[in-house]
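Novice: Take this structure, written in structure tokens, and hold onto it; I'll ask about it next.
The values are calculated or read from the model by the stated rules, or taken from the named source; none is laboratory data. Predicted model, so just to flag it, every value in this text is computed and none were measured. We place every Cβ from the backbone using ideal geometry, glycine too, and count neighbours over all the protein chains shown. Note: areas computed on protein heavy atoms with side chains; ligands, DNA, RNA excluded. Shrake-Rupley method; radii C 1.70, N 1.55, O 1.52, S 1.80 Å.
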Amino acid sequence: MPNHKNRQVGDGFFHGLTLLAALVMLGVVIIIALQLVKGSQPAYARFGLGFIMGSRWDPVHGQFGSLPLIYGTIVSSLIALLIAVPLSLGIAVYLAELAPSRLRGPVSFLVELLAAIPSVVYGLWGIFVLVPWIRTTVEPLLHRFLGWLPFFQGNFYGFGMLAAGVILAIMIIPTIAAVSREVLLAVPNTQREAMLALGATRWETIKMAVLPYGRSGLLGAVILGLGRAVGETMAVTMVIGNRPQISPSVFELGQTIASIIANEFSEAFDDLHLAALVMAGLVLFTVTLLLNVVARLLVWRTARIAGGAGKE
Amino acid sequence: MSGGRNYRRKFMNTLMFVLAMGATAVALVPLASILMYVVAKGLTALNWDFFTQLPRPVGQPGGGLGNAIIGTIILVVAASFIGIPVGILAGIYLAEFGRGRLAGLVRFICDVMTGIPSIIVGIVVYGTMVLAMKRFSALAGAVALAVIMLPLVTRTTEEMLRLVPNSLREASLALGATRWRTTLSIVLRSAMGGIITGSLLAVARIAGETAPLLFTALNSRYWPTGLLDRIASLPVYIYTYATTPYEEMHRLAWGAALVLVAMVMLTSIAARMAGRRFGGGGRQ
């Protein structure tokens, strides 16, 4: 009998211990949220929501409007999506539908390798390889052929929004490609077989039976990539030029929320500056949280529909 | 007429095939370029001094990043000591006990947390630990890294435990083992390969993290002196040196990048090997 009691105590203790660990996860997120809200109080008290609309970020004069940072974050991420989405979808389609089976493993591995390279190494490569290439080749070419557009005017620095967008694209390709591939693989084979039986070509099958079926999951993959692009810090900080300004040209220097925090946080000696940076962090946290929630829900939904359909 | 249409359809088919293959090839160009540059430029910086010497002040040639290599190892090991046990326990909770709303919430938070920018974690650890202790420290850096690896370890542990067939649990319980013994010595053991793989991948992932270290562990020009002092790390040195105008420091940054990438890759390969070595039995 005492043995029986010991067993219950042991099991209860074990259950409690694992529960505690699970609660740590929960606690961490709560601490993150509380700390960001608390730390940004002084800035909120001073600027209120004007913080988001203000277009001047000037630590020397105690002016903190985050619009240029938000602008930089959005533009660099959009450039990244513009480049990364078609490429990633191409990779996913190739890996899930077209590649011979002995190539799938190695190629997936190589794409994953892109995700394993540390952000700061991307930044190093960005400064010494990508930026010179953009300055001497990409920007002059874009200016020559599309220079009549306001986006492709100005000096060729190499550093700037364009460089940040390109490096972000490279960094989010593995995410979008991997999730898209999963989504495509979850599409039941009956979909493809039906189309092929009707005499469709491979591509028609993919276009009409596979891609529409996985639409919400693919959208989720893209949003997941967007979430990563928005929060990516080091590589962007190293190539974007770090000047908080709003300019239509993608050749111009810029600044993102993440990059300004990396840049100024350890040098922010007055409290208002520090609070402003934490508040920028709060904006970033909220945005990435929302993007991730939406993306997960979309990917889950596809997986569940496909999973359910597959079983029948 | 119909022949022309078929021709067009076949052409589209081939075109799309070529485009998809092209996309894959294009995405691998930067990978090749990065690895090539890191190896070529990094090798010129590597010598005995690089591993054994401290960094020199600006203008003095030579020196090394011995302190940053050790510092990175210390940070990663300390973070693993915090992050892996908690992560595995939380994973056990989700797989073995977690059915209710709480478990669903934790699972969701794990997934979402992997997408939170690491620099945010840096800010928060600065606000909670660095300010409270009034000093930048290796410990604060390790905690920040541990927070980043926590959801990764938790989710892989859960997934690996779910692969363990229920008959194993039932057999163990039927033989009179307690729940916790069953979980630890039967379930956890058969999932060991996957859990080690997941944990090592999390280690590889945090080894290159820079942003959360910028205001927690900060940096140091000296050998590590303890967990309560600031500490040097390879990622932070790469960032600092790459953004200076000095040729000599750029060289060291490339060397540091080569060492860091090698560390990350070796850990990833070890993860795969661990999966193969321990993993086979669990799944079959």
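Novice: What do you reckon, is A:Ala45 assigned to a helix (DSSP H, G or I), free of Cβ contacts under 8 Å to residues at least 60 places away in the same chain and more than 7 Å from chain B (Cβ to nearest Cβ)?
Specialist: So A:Ala45 passes the test.
Novice: When the residues of segment B:124-149 are narrowed to those that are modelled with pLDDT under 95 and at the interface with chain A (Cβ under 7 Å from one of its Cβ atoms), which ends up least open to solvent (accessible area, probe 1.4 Å)?
Specialist: By that ranking, first place goes to B:Gly127.
Novice: Which members of segment A:187-215 meet the condition of being surrounded by 17 or more Cβ atoms within 10 Å (Cβ to Cβ), more than 10 Å from every other protein chain (Cβ to nearest Cβ), of a type outside the set (A, V, I, L, M) and not in a loop (DSSP other than H, G, I, E, B)?
Specialist: A:Gln191, A:Arg192
Novice: Shifting gears a bit: For the condition among the hydrophobic types (A, V, I, L, M, F, W, C), open to solvent by 20 Å² or more (accessible area, probe 1.4 Å), within 24 Å of A:Ala80 (Cα to Cα) and in contact with a Ser or Thr (Cβ under 8 Å, 6 or more places away or on another chain), what is the one hit in A:Leu219, A:Leu298?
Specialist: Criteria check complete, one pass: A:Leu298.
Novice: For segment A:156-186, enumerate the residues that are more than 20 Å from A:Val121 (Cβ to Cβ), open to solvent by less than 10 Å² (accessible area, probe 1.4 Å) and not in a helix (DSSP H, G or I).
Specialist: Passing the criteria: only A:Gly160.
Novice: Would you check if B:Ile84 is touching a residue at least 40 places away in the same chain (Cβ under 8 Å), under 27 Å from the mean Cα position of the chain (by Cα) and more than 8 Å from chain A (Cβ to nearest Cβ)?
Specialist: Taking the combined requirement at face value, the residue satisfies it.
Novice: Do we find a residue being within 24 Å of A:Tyr122 (Cα to Cα), out of contact with any strand residue (DSSP E or B) (no Cβ under 6 Å at 6 or more places or on another chain), open to solvent by 60 Å² or more (accessible area, probe 1.4 Å) and assigned to a helix (DSSP H, G or I) anywhere in segment B:4-12?
Specialist: No, because not a single residue in segment B:4-12 is within 24 Å of A:Tyr122 (Cα to Cα), out of contact with any strand residue (DSSP E or B) (no Cβ under 6 Å at 6 or more places or on another chain), open to solvent by 60 Å² or more (accessible area, probe 1.4 Å) and assigned to a helix (DSSP H, G or I).
Novice: Tell me, please, whether a residue that is in a loop (DSSP other than H, G, I, E, B) and either within 17 Å of the chain's Cα centre (by Cα) or of a type in the set (S, T, N, Q) (or both) can be found in segment B:236-253.
Specialist: Scanning segment B:236-253 turns up at least one residue that is in a loop (DSSP other than H, G, I, E, B) and either within 17 Å of the chain's Cα centre (by Cα) or of a type in the set (S, T, N, Q) (or both).
Novice: Restricting the first residue to segment B:187-213 and requiring it to be on the phi > 0 side of the Ramachandran plot and within 12 Å of another protein chain (Cβ to nearest Cβ), which pairs with a second residue that is open to solvent by 10 Å² or more (accessible area, probe 1.4 Å) and part of a helix (DSSP H, G or I) meet a Cβ separation below 7 Å and a spacing of at least six or different chains?
Specialist: none
Novice: Consider segment B:33-54. How many of its residues are free of Cβ contacts under 8 Å to residues at least 24 places away in the same chain and at the interface with chain A (Cβ under 9 Å from one of its Cβ atoms)?
Specialist: 2
Novice: While we're on this one: Can you name the residue in segment A:1-42 that is surrounded by fewer than 16 Cβ atoms within 10 Å (Cβ to Cβ) and of a type in the set (Lys, Arg) and, of all such residues, is nearest to the other protein chains (Cβ to nearest Cβ)?
Specialist: A:Lys38
Novice: Suppose we filter segment A:232-261 for residues that are surrounded by fewer than 24 Cβ atoms within 10 Å (Cβ to Cβ) and without any contact (Cβ under 8 Å) to a residue 60 or more places away in the chain; how many remain?
Specialist: 2
Novice: Assuming B:Phe50 fulfils every condition listed in (1) modelled with pLDDT of 95 or more; (2) open to solvent by less than 30 Å² (accessible area, probe 1.4 Å) apart from one, which condition is it?
Specialist: Every listed condition holds for B:Phe50 apart from (1).
Novice: A further question follows. Going residue by residue through segment A:300-308, is there one that turns out to be at pLDDT 95 or above and either of a type in the set (Ser, Thr, Tyr) or in a helix (DSSP H, G or I) (or both)?
Specialist: No, segment A:300-308 contains no residue that is at pLDDT 95 or above and either of a type in the set (Ser, Thr, Tyr) or in a helix (DSSP H, G or I) (or both).
Novice: Another question, then. Given the criteria under 16 Å from B:Trp254 (Cα atoms) and surrounded by 15 or more Cβ atoms within 10 Å (Cβ to Cβ), does B:Val76 qualify?
Specialist: no
Novice: Next question. For B:Ala20, which of the numbered conditions (1) open to solvent by 50 Å² or more (accessible area, probe 1.4 Å); (2) within 14 Å of another protein chain (Cβ to nearest Cβ) fails to hold?
Specialist: It is condition (1) that B:Ala20 fails.
Novice: Run B:Ser233 past the list (1) crowded, with 23+ Cβ neighbours inside 10 Å; (2) within 11 Å of chain A (Cβ to nearest Cβ); (3) over 17 Å from B:Phe50 (Cβ atoms) and report the number of the one that doesn't hold.
Specialist: (3)
Novice: Which is closer than 30 Å to B:Leu260 by Cβ, assigned to a helix (DSSP H, G or I) and free of Cβ contacts under 8 Å to residues at least 24 places away in the same chain, of B:Val18, B:Val29?
Specialist: B:Val29
Novice: All but one of (1) open to solvent by 50 Å² or more (accessible area, probe 1.4 Å); (2) in a helix (DSSP H, G or I) hold for B:Pro61, so report the exception by its number.
Specialist: Against the list (1) open to solvent by 50 Å² or more (accessible area, probe 1.4 Å); (2) in a helix (DSSP H, G or I), B:Pro61 comes up short only on (2).
Novice: Among B:Glu170, B:Glu96, which is the only one that is in a helix (DSSP H, G or I), more than 10 Å from every other protein chain (Cβ to nearest Cβ) and among the charged types (D, E, K, R)?
Specialist: Result: B:Glu170 is the single residue among B:Glu170, B:Glu96 that is in a helix (DSSP H, G or I), more than 10 Å from every other protein chain (Cβ to nearest Cβ) and among the charged types (D, E, K, R).
Novice: Something else about it: Across segment A:126-155, which residue is nearest to the chain's Cα centre (by Cα) among those that are without any contact (Cβ under 8 Å) to a residue 60 or more places away in the chain and part of a loop (DSSP other than H, G, I, E, B)?
Specialist: Among residues in segment A:126-155 that are without any contact (Cβ under 8 Å) to a residue 60 or more places away in the chain and part of a loop (DSSP other than H, G, I, E, B), the one nearest to the chain's Cα centre (by Cα) is A:Leu149.
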